[in-house]
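All of the numbers you see were taken from the coordinates with simple rules; none came from a lab. Just so it is clear, the structure is predicted and the values come from calculations on it, not from any experiment. Counting neighbours? That spans all protein chains shown, and the Cβs are built from the backbone with ideal geometry, glycine included.
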Amino acid sequence: MQPILDIKNLKVYYHTSQGPVKAVEDVSFSLEPGERMGLVGESGSGKSTIALALMKAHKYPANIESGDIIVDSINIVDLNEEEMRKTRLNNISMIPQGAMNSLNPVKKIKPQVIDALTDHGVKLRDKQEKFLSELMESVGLSKDVLKLYPHELSGGMKQRVCIAISISMKPKVIIADEPTSALDVIVQRQVMETLYEVQEQLGAACILIGHDMGLMAQFADKIGIMYAGKMVEFGSVSDIFKNPQHPYTRLLIDSLPDTSGKRDLIGIPGIPPSLLNLADGCSFCLRIGKKNTKEVPWVKVTAGHFIQKCPTCIDYGLRKKATTKRTRK
């Protein structure tokens, strides 16, 4: 099947007076229609920068240095602002992290939904009420929500309104940037179920950005692990959880709480390196007190499973894994 989203060698830098901040460095992946991908990593790893790049929503000093972002056979890197404006929401849409900041506090929900459609030349006329009602119902909301202001809605309801706006033009790719942040666990589940259902109905590809490996295991088909602006591992959910190859991936999985109480909560030691004038080589080596300035190859483990294979990191990960097993015994 032809990929609906194909990202090739994407580089996004933030240019500062002290030099370039390499927020995204040579990232590639693809998604077919209906596939769900999780993009995981610590804050500052480049996840949201990728999301903004896919929407071409960056502002100065950010810049897409090179690479291709192909959505439904269209390379959006080559589009001008007017062409990209028509592409957003139509071919590719984004569910923002902060729903309250994304909705206009002094306008009711109905005109905000209509504004998005009108901006793309959609004229509902006599079908407007039926369309809006069905749109709200598709995300589990009553049509009465259209008459309310954002402050009259709960956090989960506001996030569902954002989902409704993002799917109103039936896009082929949906990006969800930490859509459950600042929500309690019950509402998180409801929002994720809503996202799952609408994505299934549309048959759209979906990228879920977040920190929670447990959530990714339940939602995604594929997972990409980001560290210091680079993708260090990519594979199916089964590959990532049953056979993680990169030590950073293992640490992310080990940092999940163990509800059985068989092991202590394990954190990830150290902090990520600064992306300002970051040296070539393996960034994770800096995290573990090692050094490898050689180019790190992108290696195929099995079909569909790839890692950035640094011998120093892999050796560290194997020794760490062995130590952890002995400790658990």
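Odds and ends about this structure:
- Segment 58-175: Rg to Rh, with Rh as the Kirkwood radius over Cα pairs: 1.00
- The GNM of the chain, with springs linking C-alpha atoms under 10 angstrom apart, assigns the highest mean-square fluctuation among 94, 136, 226 to 136.
- Stretched out straight at 0.36 nm per residue, the stretch from residue 9 to residue 107 would grow longer than its current Cα-Cα span by 31.2 nm.
- The equivalent ellipsoid of segment 113-246 has semi-axes of 32, 17, 12 Å, largest first, where each one is the square root of 5 times an eigenvalue of the Cα gyration tensor.
- Inter-label distance, nm, simple model (7 Å from Cα along the C-beta direction), residue 68/residue 260: 4.6
- Cysteines in the chain lacking a second Cys C-beta under 4.7 Å: 162, 206
- Taking each residue as 0.36 nm, the span from residue 79 to residue 299 lengthens on full extension beyond its C-alpha to C-alpha distance by 76.0 nm.
- Taken about its Cα centre, the chain carries a charge dipole of roughly 1000 debye when the Cβ of each Lys and Arg holds +1 and the Cβ of each Asp and Glu holds -1.
- When the C-alpha to C-alpha distance is required to be over 26 Å, the pairs from 11/86; 56/170; 47/262 that qualify are 47/262.
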